[in-house]
Amino acid sequence: MQHTRDTSGTVLVDGETYSWEIRRQPQPNADGSWNGMAITLRLEGFKREAIVQFPMPLRPNGRPDMEKQRINVEAVKTAVSSIIEAGWEPTSRGRAMVFDVDADGH
């Protein structure tokens, strides 16, 4: 697994280059639950975005991991494949689509 602390980058999936950028670090909700990290994906040369939300990472004791999260580049690649299968068309026009994935990007 390759991790990075960069806030943006690119991944190559099926011969296409996708740029990603951190949209949100994990944060608490008003009801006491937590939102995990979210990234924005875009196919190079196109404007359509997909927002991919990862779950809140938990420590072994069950509490949220409050540290700044690192990006798992392999999970981003897997997330790109998963959201395309789920119906995201990066070459089309329209609003950004939001997808929830697991920690591995599925």
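No value in this document is a laboratory result; all are computed from the given coordinates. The model shown is predicted, which means the values in this text are computed figures rather than measured ones. Every residue, glycine among them, receives a Cβ derived from its backbone with ideal geometry; neighbour counts consider all protein chains shown.
Here are the numbers for the structure shown:
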{"item": "Candidates 35, 61, 72, ranked by Gaussian network fluctuation over the chain, Cα under 10 Å, top entry", "result": "61"}
{"item": "On Cα atoms only, tilt of 73-85 relative to the major axis of the chain in degrees", "result": "60"}
{"item": "Over the chain: helical MRE at 222 nm, DSSP H runs n ≥ 4 each giving -39500 (n - 2.57), nearest 500", "result": "-4000 deg cm²/dmol"}
{"item": "Percent RCO, i.e. relative contact order, over the chain, from Cα pairs under 8 Å lying at least 6 residues apart", "result": "29"}
{"item": "Euclidean distance of C-alpha centroids, segment 77-106 and segment 1-57, integer Å", "result": "10"}
{"item": "Net charge of neighbours whose Cβ lies under 10 Å from the Cβ of residue 6, counting Lys and Arg as +1 and Asp and Glu as -1", "result": "+1"}
{"item": "Net +/- balance of residues flanking residue 105 in space, Cβ distance below 12 Å, scoring K and R +1, D and E -1", "result": "-4"}
{"item": "Dipole moment magnitude, nearest 20 debye, the chain about Cα centre, only Lys, Arg, Asp, Glu C-beta charged", "result": "380"}
